[in-house]
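First the structure, in the form of structure tokens, and then the observations on it.
What follows draws every value from the coordinates through simple rules; no lab data is involved. None of these values were measured; they are calculated from a predicted model. Backbone-built Cβ (ideal geometry, glycine too); neighbour counts: all protein chains shown.
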Amino acid sequence: MQDFLLHDGLFDAVLFDLDNTLVDFISAKKKACASVIEELGCGDPDELFSYFLRKRYGFEDYGNIFDYLSDIGIRGSATYLESCTLYENEKLFNIHPYKGIEEMLSGLRSKGMRLGVVTDADSDHAEKRLKKADLFQYFDIVMTPDISGSRKPDPDSFLMALDSIRADPVHTIHVGDSIRRDIEPANRLGICTIHAAYGDWHPEEMMGSPVRTLRVERSEDLLRLMLGNCTDL
């Protein structure tokens, strides 16, 4: 695969989404749901996970756990709080980077690239996940909604991240799993994009989307696309 990133020095900065781009967030979330169900002694982990996929609350809102407990007949603030704490601890414990991600970031750093994260996770959660995955040290900026004041696909987080690392959009790449929240807004700013299809849980967003983007189906392909030919992992 062509080493396009460094070809003629065209790009000098890379922005990344966090969840399901750098780390396997969905797997961690499913394992956390399974731990909650095991502790309760009743219920179904897939059903609990499905509550987070509703649009009634945010994807990380504990209200999803509250609703699930109520719907299966479990009430009481103590059980609810214990379930939320267990869920959060188990989710963080099971956060791991995708294959090839750390090698890619290390390689980009060694070539002098400026690196940033643009995520909809809040600062505390983003930092904890990056540190758990041993990736935090690679980034110059971690831009979150509590800093920028808005969530993707609004452009503010992208613009503030670019400004923070003094990067020009036309010399920057953004990598993300969501067509709607990552690829489309980055394209509108003139940023070259790579769709991390390996982490995309909403492939239907690609249907009918006018975006032009590179696409990788495996995380190790992202490593090769960024750094060219490399030894097998």
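Data table
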{"quantity": "Gain in span if fully extended, S150 to L189, counting 0.36 nm per residue against the direct Cα distance", "calculated": "12.4 nm"}
{"quantity": "Simple label model, 7 Å out from Cα along Cβ direction - Y57 to E38, nm", "calculated": "2.3"}
{"quantity": "Fluctuation leader among P145, P185, P210 - the chain, Gaussian network, Cα springs under 10 angstrom", "calculated": "P210"}
{"quantity": "Mean Cα-pair separation over length for the range 4-96, i.e. relative contact order, pairs under 8 Å, 6 or more apart, %", "calculated": "35"}
{"quantity": "Residue-averaged 222 nm ellipticity for the chain, from DSSP H runs of 4+ at -39500 (n - 2.57), nearest 500", "calculated": "-12000 deg cm²/dmol"}
{"quantity": "Length released on extending from R180 to E217, taking residue separation times 0.36 nm less the Cα-Cα span", "calculated": "11.6 nm"}
{"quantity": "Candidate lysines for bridging to K91, where Cα separation is under 27 Å - those fewer than 8 sequence places away on the same chain excluded", "calculated": "K29, K30, K31, K55, K99, K128, K131, K132, K152"}
{"quantity": "Pairwise label distance in nanometres, S123 with S164, each label 7 Å out on the Cα-Cβ vector", "calculated": "0.9"}
{"quantity": "Point-to-point label distance, E82-S27, nm (Cα→Cβ direction, 7 Å offset)", "calculated": "3.0"}
{"quantity": "The chain: relative contact order as a whole-number percent, Cα under 8 Å and 6+ apart", "calculated": "26"}
{"quantity": "Rounded to 10°, Cα long-axis angle of helix 123-132 versus longest principal axis of the chain", "calculated": "80"}
{"quantity": "Residue order, fewest to most beta carbons within 10 Å, for I183, I72, I165", "calculated": "I72, I165, I183"}
